[in-house]
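Let me begin by presenting the structure, written as C-alpha cells, before commenting on it.
The values are calculated or read from the model by the stated rules, or taken from the named source; none is laboratory data. Source: prediction; values computed, not measured. Cβ: placed from backbone, ideal geometry, glycine included. Neighbour counts: every protein chain shown.
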Amino acid sequence: MSGRTRGRPMVTFAAAIAGVLALTGIGVYAFAEIAGCAAEDRITLDVAVAPEIVPALTAAVRRFDGSTGTCARARLRRAEPSAVSTLLSGRGGGDRPDVWIPDSVLWTAFAEPEEVRPSIANTPVVLATAAPAEPTWNLLLGPAAAAAGGRPESRARGPRPQVPDPSRSAAGLVALLMADRLVADVPDGKAVFTGLVRAIRETAAPTVEEAFATAGAARDGAVVVASEQSVFRHNRANPGVRAYGAVPREGTLSLDYPFMIVTADGDRVTAAEKLERELRGERTRADLSGHGFGIGPAEPSWTPAADDVQRITQAYARLSLPTRLLVLFDISGSMGEEVSPGLNRLQATAQVGQTGLQLLADDSELGVWEFSTDLRGSQNWAERVPIATLGTRVGSVTQRQRILSDLGRLRVKESGDTALYETLLAAFREVKLTYKPEMVNTVLVFTDGRNDHPGGPSFDRTLADLRAGYDATQPVQVILQGFGDDVNVAELTKLAEATHGIVQVARTPAESKRLLLEAMSRRVCTPNC
C-alpha cells in the first residue's frame, strides 16, 4: 500500500506534463528526446533565410524541432541575402549563421560558405504587367538604346519599368545579367548598359514588394521585374489589383534558394543535415508549392560565372555613382568649319553634349565653360552654366533643361584662338578645389585643334602642373575629345594620362557621339582605367 501511495504523485505529474505539452503543440516523444539532453548540450541552429520563403518553411522547422533526436532546434530569422553575403565576405559585422538559405546562388560570387548544397525551391524572374502580355527584356533596353543612338527616349504610358535595386535584390541582379548578355554583341553595347543603369537608378525600388507598391505600378504600361512567386504573393494579398508575370521571350534566370551550411562545427553540421532532410521532405514540398514556389533546383539555359556576377555588380556600383562634370567647349574660329550641310564643328559637338546629357542621372552635377581667347577681358574662358545638380530647379527650369538650352546657343568666336592649356589647368583646379568624394569628378574638353595661344603656359608647364595636381585619393580625370585632322594627339594624350584620363579623336559627328558614350561608360574603371 505504501509503495502505491508513493507512486501516484509521479503518475499524476507525468500526466500533467503530457497535458501541457499537448496544449503547447510539443509531443511527448519530442519532450523525452529533449529531456535527455543536458542544457549545455542543446544546439540551436541559427538559420538565416531570405524573407519571402520564411512562411513556407515555418512548419518544417516546427517538425524538425519536435523530432530531431539530436538535442537540436532551428531558429529561422529573416535576413536580406545581400547583407549576409557582405557579412560572409568579411566586409560586414555581425554573427555568422550556421545555415544560410538566400534567394539565389548568385550571392556566393561574393561569399563562399563552407558548403553549398542543391536548391530547395525555385522561382523564375519574370516581367510583371497589369494585363497578360508576352514581355521582352527590350522593355528595359529600348530606352537605353535610344539614348545611346542619340534619339529621344520613348515615353510609354505609365511609369518606367521598375527594377528592384540590383545591389540588394537578386531579381534586379538577374535583370542586369540578362541585359549584359543581350548587349554583348550590340554596337554601343556599353553605352546601352550605361543608360540602363541610369534608368534603374531613377526608378529602382529597394525591394520587389516596394516596386509593386509604387503609385501606378499596376496600371497600364507598368512593367515590374519580379520573381514569379512575388507576383503570386502580390496577387494573393491584393486580389483587386492583379499583376501578370511572364518569362521574357529571350529567356531568364531563376531565384533558386540553395541550402548552404556555413558552420564548420561537426555537431552543428550534423544537425544542419537533418534539418536539410526535413526541408526536402514531401510535407515541406507541399508547403512550398502552397506559397507559390517551384520545388528543387531550376534548370537554367545558362549559368553566369562568378566572375561575371562580380563584374556586373561592380559595374553597377561604379555607374551608379553620380557624375560631377565640367564640360569645356572650344569656340575658337576653326570650330566654325562646316562638317555637314548646315552644321559646323561647334554645333556638332554641342549636339554630342546633349546626347551625353541623357545618360546622366538627375543627381549628377554638370557645368559648362566655353574657351577661346579674350572672352572676359584678358581671361580666355567663360563660365556659361555653373556646376549644379541636374535635377534641381534654377528659376522656372531644371539645371538639365538650362544646359540643353544653353548648348543650342553656343557661338563661334570668329577671330578667337585656342587657349587650351590655360583653360584646361583652370578647369582642373576648379573641379579639384570643389571635389566631392561621393561622385566621379571629371573635366571633359571638346576641341578641334591644338593650343595656339602664345601668352599662356607651355605644354611642359601644363603637363607638370597636371601631374603635380593629380591626387589618387581625390582623382579628377581629364577626358579630351579632339575633332578633325588638326589634333595634336601626342600632346593631348600625355595631358590626359597625367590624370588617368583618355584622348579621343573624332572625324564625324557620329563618331564623336560614339566616343563620348564610350567615355561615359569608363566610370566602370575610374580611376584605375
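Laid out as a table, the results:
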read-out	value
Among (1) in the same structural domain as Asn380 (by TED's automatic domain parsing); (2) closer than 25 Å to Ser167 by Cα; (3) among the small types (Gly, Ala, Ser) - the single one Ala306 does not satisfy	(1)
Gly251 at positive phi, in a loop (DSSP other than H, G, I, E, B), out of contact with any Leu (no Cβ under 8 Å at 6 or more places or on another chain) and assigned by TED's automatic domain parsing to the domain that holds Leu141	yes
Hey, Asp287 surrounded by fewer than 16 Cβ atoms within 10 Å (Cβ to Cβ), outside the structural domain of Gly391 (by TED's automatic domain parsing) and on the phi < 0 side of the Ramachandran plot or not	no
Counted residues, segment 431-449 - those being in a helix (DSSP H, G or I) and either modelled with pLDDT under 95 or under 18 Å from Arg461 (Cβ atoms) (or both)	1
Checking Thr263 against (1) of a type in the set (S, T, N, Q); (2) assigned to a loop (DSSP other than H, G, I, E, B); (3) under 30 Å from Met178 (Cβ atoms), the condition it does not meet	(3)
Members of segment 469-519 that are of a type in the set (Gly, Ala, Ser) and in a loop (DSSP other than H, G, I, E, B)	Ala472, Gly484, Ala498, Gly501
Lone qualifier among Ser301, Ser289 - being more than 22 Å from Asp452 (Cα to Cα) and modelled with pLDDT under 95	Ser301
Residue that is nearest to Arg242 (Cα to Cα), among those in segment 86-127 that are buried (at least 24 other Cβ atoms within 10 Å of the Cβ) and among the small types (Gly, Ala, Ser)	Ala121
Residue check for Val231: in contact with a strand residue (DSSP E or B) (Cβ under 9 Å, 6 or more places away or on another chain), more than 28 Å from Ala79 (Cβ to Cβ), at pLDDT 75 or above and surrounded by 15 or more Cβ atoms within 10 Å (Cβ to Cβ)	no
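Here is a yes/no grid of residues against (1) more than 25 Å from the chain's Cα centre (by Cα); (2) closer than 18 Å to Gly391 by Cβ; (3) of a type in the set (Lys, Arg); (4) in a helix (DSSP H, G or I):
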site	(1), (2), (3), (4)
Arg324	no, yes, yes, no
Val327	yes, yes, no, no
Met335	yes, no, no, yes
Leu346	yes, no, no, yes
Thr349	yes, no, no, yes
Val352	yes, no, no, yes
Leu359	no, yes, no, no
Asp362	no, yes, no, no
Leu366	no, yes, no, no
